[in-house]
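Participant: Following this message is one structure expressed as structure tokens.
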Amino acid sequence: MKDATTEHTIIGKLRPGEFSEGYLAEKARKEYENGTASFKIDASKSALIIVDMIEEFTKPRYCPCWVPEATKQIPKIQELISTCRKLNVPLIYTCYAFHPTFVDMNPYFRNGWTPLDRFDDFDGPPLCTKESIDPAIKPQYGKDIIIEKPSYGAFTNTTLDYVLKNLGVDTVIICGTMTNYCCGTTARDAHARGYKVVFGLDINSTDDPAIQEAELKTLRRGFALVLTKDEIIEALGGAGKYAAQSQKDASREVMLVS
């Protein structure tokens, strides 16, 4: 029998003292690339959070906040939104909508403490002073929930946790921009509060492909079930390997009745 510490593969369970550097490095690599959370998706207990798909990020060439990949992903996000509406999965939009003096803004943003917070190359009107969700995916006002947030995370100093609890939600599906800032922070905060986190592989965007992949690897290994838009839609419909058994049973009952 070959030694698992040199083969870097699991052969049964290892005992204290048998965990080599090589074994642990290979284990981490596999989990970053292919790890899968064990929970399943139940549409009746899920909510879709659409993070910061606002014109400052989606309107081509408008300002330095534009994330071209976010614009490209709008059709996929539209499809997921449409599916959620049909299945009565609650929709929660996040946005920035600050007071004109920015007195309600995270001090990092307001004071330009990091490179991302500075807009030295922008000569235009004040940004993010009103809700500007992209018209292609506008909310149904009065029905959908809109969370105005002061910082990256959708839970930070907002009512989002109350909203989810009052809706009976235990699973959040996250899409939007940017993957490694607002979306990733929201995923981590949801994880910290005990929610099951589903993170869209091809419906979260950022401005650097290498950073996108690195963030997805981190989320995949320790924070979320990372799936494509198609896999999420399939599971919400009660099909595929990521759907909860209760969801599959409900789907079969609907088919039998129809």
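Every number here is computed from the coordinates shown, using simple stated rules; none is lab data. For clarity, every value in this text was computed on a predicted model and none was experimentally measured. Neighbour counts are summed over all protein chains in view; Cβ atoms, including those assigned to glycine, are modelled from backbone coordinates with ideal geometry.
Participant: How far, in degrees from 0 to 90, does helix 209-222 lean away from the longest principal axis of the Cα atoms of the chain, to the nearest 10?
Facilitator: In the chain, helix 209-222 runs at an angle near 60 degrees to the longest axis.
Participant: If I model a spin label at Ile211 and Glu26 as a point 7 Å from the Cα along the Cα→Cβ vector, what separation in nanometres do I get?
Facilitator: Between Ile211 and Glu26, the label points sit 3.4 nm apart.
Participant: Still on this model: Checking the cross-link filter: which aspartates and glutamates have an alpha carbon closer than 17 Å to that of Lys130, excluding same-chain neighbours under 8 positions apart?
Facilitator: Here the aspartates and glutamates satisfying the reach criterion relative to Lys130 are Asp52, Glu55, Glu56, Asp104, Glu148.
Participant: With everything on Cα atoms, drop me the angle between helix 74-86 and the longest principal axis of the chain, reported from 0 to 90° to the nearest 10.
Facilitator: Value to nearest ten degrees: 80.
Participant: Compute a Gaussian network model of the chain, connecting alpha carbons closer than 10 Å, and tell me which residue from Ile74, Ile232, Ile50 fluctuates the most.
Facilitator: Residue with maximal mean-square fluctuation among Ile74, Ile232, Ile50: Ile74.
Participant: Still on this structure, please answer the following. In debye, nearest 20: dipole of the range 22-83 around its Cα centre with unit charges on the Cβ of K, R (+) and D, E (-)?
Facilitator: My answer is approximately 120 debye.
Participant: On to the next question. Using modelled backbone amide H atoms (1.01 Å from N, in-plane), which distant-in-sequence or interchain residues come within less than 5 Å of Asp202's amide H?
Facilitator: Amide H to amide H, under 5 Å and 5 or more residues apart or across chains, Asp202 pairs with Lys229.
Participant: Around Ile211, under 14 Å between beta carbons, what's the net of Lys plus Arg minus Asp minus Glu among the other residues? Show your work: numbers first, answer last.
Facilitator: On the way: positive: Lys217; negative: Glu69, Asp207, Asp208, Glu213, Glu215.
Local charge sum for Ile211: -4.
Participant: Would you kindly state the longest site-free stretch of the chain, with sites defined as trypsin sites (Lys or Arg not before Pro) in a DSSP loop (not H, G, I, E, B) surrounded by at most 15 other Cβ atoms within 10 Å?
Facilitator: By the stated rule (loop sites, at most 15 other Cβ atoms within 10 Å), 62-117.
Participant: Please give the residues of the range 136-173, grouped as numeric ranges, whose backbone N is less than 16 Å from a label point set 7 Å along the Cα-to-Cβ vector of Ala192.
Facilitator: Counting backbone N atoms under 16 Å from the label point, the list is 150-162.
Participant: Do any of Lys138/Lys165; Lys86/Lys248; Lys13/Lys45; Lys30/Lys86; Lys76/Lys196 go past 27 Å between their Cα atoms, and which?
Facilitator: Numbers: Lys138/Lys165 24 Å; Lys86/Lys248 17 Å; Lys13/Lys45 36 Å; Lys30/Lys86 36 Å; Lys76/Lys196 22 Å.
Over 27 Å apart, Cα to Cα: Lys13/Lys45; Lys30/Lys86.
Participant: Next question. Per-residue ellipticity at 222 nm for the chain, helices alone: DSSP H runs ≥ 4 residues times -39500 (n - 2.57), over residue total, nearest 500 deg cm²/dmol?
Facilitator: The helix-only estimate for the chain comes to -10500 deg cm²/dmol at 222 nm.
Participant: If Lys and Arg each add +1 and Asp and Glu each add -1, what is the summed charge of the other residues whose beta carbon sits under 14 Å from the beta carbon of Thr36?
Facilitator: The answer is +4.
Participant: Order of Phe102, Phe19 from fewest to most other C-beta atoms within 10 Å?
Facilitator: Phe19, Phe102
Participant: Which net charge results when you count Lys and Arg as +1 and Asp and Glu as -1 among the other residues whose beta-carbon is under 9 Å from that of Leu160?
Facilitator: Around Leu160, the surrounding residues sum to -1.
Participant: Related question: Mind checking the dipole of the chain: about its Cα centre, +1 per Lys or Arg Cβ, -1 per Asp or Glu Cβ, Debye to the nearest 20?
Facilitator: Taking the Cα centre of the chain as origin, the dipole is about 820 debye.
Participant: Would you please classify the overall shape of the range 39-257 from the alpha carbon gyration tensor, given that a ≥ b ≥ c denote the square roots of the eigenvalues, rounded means a/c under 1.5, and beyond that prolate means a/b larger than b/c while oblate covers the rest? Numbers along the way, then the final one.
Facilitator: Numbers: a/c = 1.87, a/b = 1.77, b/c = 1.06.
The shape class here is prolate.
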